[in-house]
Amino acid sequence: MDRWVEIHPSETNDPEGLLFGIDTHMTLKMRLFALTLEAHEPLEWSVEIVRGAGPFSSLLREADFPRNGPLRAFDDHVYLREYLVPSFEKSRNSRQPIIESSIAFLRGFRLSLDRIVMPQRSTGSPNWAVCLENVRSVRQPAPQVENLSVEESIISQMLREGLTAKEIAREMDVSHRTVEHRISQLKERYKARNVAHLTAILCQDVLD
């Protein structure tokens with residue numbers, strides 16, 4: 001942001017001049033890219049990845065984000081039109097940087113991210129803008145599971161509270177084996193890989 005302020009609008013500038021040295025401050029959860037804004041149709045804007053994010057999620061990889069080339073080549077046009085393009089249009093039209101935190105949906109996953117968009121310093125309409133994104137979390141929508149039994153609902157709630165199967169068995173005054181069996185059924189219904197994954201899904205289900 002300091003570098004953006006230092007550039008005079010009358011100077012001939014390019015994204016490289018604005019981004020010098022910024023990569024040394026990036027983490028594995030950040031991605032940095034530039035978009036040309038010259039085409040009238042936003043999906044014809046061209047994206048150039050300066051530095052991609054690292055392996056920040058087992059669900060969503062850097063390859064799932066728009067790659068180098070026209071935005072149209074990226075198949076999730078809903079993500080582009082609803083969650084990406086508006087930020088760049090706002091920054092271009094105001095000719096000012098914008099900083100925002102938002103929730104976006106990409107390829108069916110729920111992203112919480114922070115974004116800084118900095119347009120070209122120009123006396124006219126900017127021809128390009130750069131963007132630094134920090135992905136705070138990635139969540140897969142919880143499977144829609146209906147008609148849980150009373151016993152399953154109680155076990156689900158206690159798992160959310162951090163209780164182990166043995167502790168749940170004591171609270172419910174049933175055998176440990178019964179609780180383990182119910183937890184196995186819940187894992188199958190929620191398509192969870194293990195108890196930790198099941199608990200995360202159950203907590204997510206409440207948030208959704």
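The values are calculated or read from the model by the stated rules, or taken from the named source; none is laboratory data. A quick note: this is a predicted structure, and the numbers were derived from the prediction, not measured. Ideal geometry is used to build each Cβ from the backbone, glycine not excepted, and the neighbour counts take in all protein chains shown. Side chains included, ligands, DNA and RNA excluded: accessible areas come from the protein's heavy atoms. Shrake-Rupley method; radii C 1.70, N 1.55, O 1.52, S 1.80 Å.
Find which of Ser58, Phe88, Pro15 sits farthest along the positive direction of the dipole of the range 1-149, computed with +1 on the beta-carbon of Lys and Arg, -1 on that of Asp and Glu, about the Cα centre. With unit charges placed on the Cβ atoms, the residue in question is Ser58. Classify the range 102-208: rounded, prolate or oblate, from the alpha-carbon gyration tensor (a ≥ b ≥ c, eigenvalue square roots; a/c under 1.5 rounded; otherwise prolate if a/b is larger than b/c)? Here the range 102-208 falls in the prolate category. Along the range 75-85 the Karplus relation, 6.51 cos²θ - 1.76 cosθ + 1.60 evaluated at θ = phi - 60°, assigns HN-Hα couplings of 7, 8, 5, 5, 4, 4, 6, 9, 10, 10, 4 Hz to successive residues, with x for each Gly and Pro.
Please report the relative contact order for the range 1-84, taking Cα pairs under 8 Å with a sequence separation of at least 6, and give it as a percent rounded to a whole number. Relative contact order, the range 1-84: 22 percent. The heavy atoms of Thr24 offer some 110 square angstrom of accessible surface to a 1.4 angstrom probe. Axis of helix 150-160 versus longest Cα principal axis of the chain: the two differ by about 50°, to the nearest ten degrees.
Expressed as a whole percent, the accessible area of the chain that falls on carbon and sulfur atoms is 50 (1.4 Å probe). Subtracting the Cα-Cα distance of Glu188 and Ile103 from their residue separation scaled by 0.36 nm leaves 27.7 nm.
Nearest 10 degrees, 0 to 90: what angle lies between the long axis of helix 176-190 and the longest principal axis of the chain (Cα atoms)? Tilt of helix 176-190: around 40 degrees. Ranked from largest to smallest solvent-accessible area, with a 1.4 Å probe on the protein heavy atoms, Val179, Val195 come out as Val195, Val179. From the coordinates of this entry, Cα Rg over 2.2 N^0.38 Å is computed, and it appears in [x] 1.41; [y] 1.19; [z] 1.37 under the label [z].
Taking every C-alpha pair closer than 8 Å and separated by at least 6 residues, the mean separation divided by the residue count of the range 1-160 gives a relative contact order of 24 percent. Database remark: amide H of Trp128 closer than 5 angstrom to the amide H of Leu37, Gln120 (H placed geometrically; neighbours at sequence offset of 5 or more, or on other chains; Pro and chain starts carry no H).
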